[in-house]
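Student: The structure under discussion is supplied below as structure tokens; questions concerning it will follow.
The values are calculated or read from the model by the stated rules, or taken from the named source; none is laboratory data. As the structure is a prediction and not an experimental result, all values here were calculated from the model. So basically every Cβ, Gly included, is an ideal-geometry build from the backbone, and we count neighbours across all protein chains shown. We work out accessible area using only protein heavy atoms, side chains counted, and drop any ligands, DNA or RNA first. Shrake-Rupley method; radii C 1.70, N 1.55, O 1.52, S 1.80 Å.
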Amino acid sequence: GSVVASYPYDDSPTHKPTGVYSKSADDEVFKYLAKAYASHHPIMRTGKPNCPGEEEETFQDGITNGAQWYDVEGGMQDYNYVWANCFEITLELSCCKYPPTSELQQEWENNRDSLLAFIEKV
């Protein structure tokens, strides 16, 4: 996991494991939606999630193009965009896939304003 808003495309024509910006026709809209979420999140907006083992990983404005981060063939956000005309971003909300119960209140606090800002944009 990480703390970042990722947007299509996750897959790239070259299938390089990382570093390929795979731009969609609606790239600006996706960046706008991802930034709407990330800019209201206290950790995500810094672009520095500081996840254990990935301390050097950074994301400008707390967002990333999926394939630039890492290539995923057959991902849901690409499928929904191409085949169902649905705009979907992927939100990575924690370095830990299953945060302990004791951290859930803080996770809610971190994401509440982001969720409301995102809903307003949608």
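Student: Residues of the stretch 51-80 being among the polar types (S, T, N, Q), open to solvent by 10 Å² or more (accessible area, probe 1.4 Å) and either touching a strand residue (DSSP E or B) at 6+ places or on another chain (Cβ under 7 Å) or at pLDDT below 95 (or both), which ones?
Tutor: The answer is 64, and nothing else.
Student: Can you pull out the residues in the stretch 66-80 that are on the phi < 0 side of the Ramachandran plot and assigned to a loop (DSSP other than H, G, I, E, B)?
Tutor: Answer for the stretch 66-80, where residues must be on the phi < 0 side of the Ramachandran plot and assigned to a loop (DSSP other than H, G, I, E, B): 70, 71, 72, 73, 75.
Student: Okay, next question. Out of all the residues in the stretch 20-42, which are within 16 Å of residue 90 (Cβ to Cβ) and free of Cβ contacts under 8 Å to residues at least 40 places away in the same chain?
Tutor: 27, 31, 35
Student: Out of the residues in the stretch 1-50 that are among the aromatic types (Phe, Trp, Tyr) and assigned to a loop (DSSP other than H, G, I, E, B), state the one that is surrounded by the most Cβ atoms within 10 Å (Cβ to Cβ).
Tutor: Taking the candidates together, the pick is 9.
Student: Also, I was wondering about something else. How many residues are exposed (fewer than 13 other Cβ atoms within 10 Å of the Cβ), aromatic (Phe, Trp, Tyr) and assigned to a helix (DSSP H, G or I) if we restrict to the stretch 81-122?
Tutor: 2
Student: Pairs needed: first member in the stretch 43-72, among the small types (Gly, Ala, Ser); second member anywhere, part of a helix (DSSP H, G or I); C-beta distance under 6 Å; at least 6 residues apart or different chains.
Tutor: 47/60; 47/62; 62/38; 62/44; 62/45
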